[in-house]
1. I'd like to check something: does segment 51-59 contain any residue that is farther than 30 Å from Leu99 by Cα and exposed (fewer than 11 other Cβ atoms within 10 Å of the Cβ)?
2. So which of Ser3, Ser55 is at pLDDT 90 or above and farther than 30 Å from Tyr95 by Cβ?
3. Select, from Lys83, Lys62, the only residue that is modelled with pLDDT of 90 or more, surrounded by 10 or more Cβ atoms within 10 Å (Cβ to Cβ) and out of contact with any Pro (no Cβ under 9 Å at 6 or more places or on another chain).
4. Check Leu25, Leu99, Leu94, Leu9 and return the single one that is at pLDDT 90 or above and hydrophobic (A, V, I, L, M, F, W, C).
Amino acid sequence: MKSKTDKLLLQHNGIQFVLIFISVLLAFMLSEWSRSRNDKKSETKILIEINNSLSRDLEDFKSNIDGYKLSNRSTEVILNWVKGEAIPSDSINLYYQILFRNYTPIIN
């Protein structure tokens, strides 16, 4: 009788051990899955922010290039005027203001 009770107790303890082992393993797997999912969300947020920053930088660069082109054109017109070429008098003032304005390029 004692051996049958010992056998049942051993089976019961073995089943409990296996169930606890499986539970811990499942908890670990769930934790890893959750962490991986959160990492993906963070990665997506970071990539979106990088993309937005690069888009804004590109717009800033285009604006700076346009400002430099306008300054270069003003320089050419003023130099040609100084050399004696005829340009409309209302354009002289416009190009002078463009050339000597307080132009600050956009820097991020």
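The values are calculated or read from the model by the stated rules, or taken from the named source; none is laboratory data. Here the structure is a predicted model, which is why all the values come from computation and not from measurement. Glycine gets a Cβ as well: all are built from the backbone with ideal geometry, and neighbour counts include every protein chain shown.
1. Yes.
2. Ser55
3. On the way: Lys83 fails: surrounded by 10 or more Cβ atoms within 10 Å (Cβ to Cβ).
Unique residue meeting the criteria: Lys62.
4. The unique qualifying residue is Leu25.
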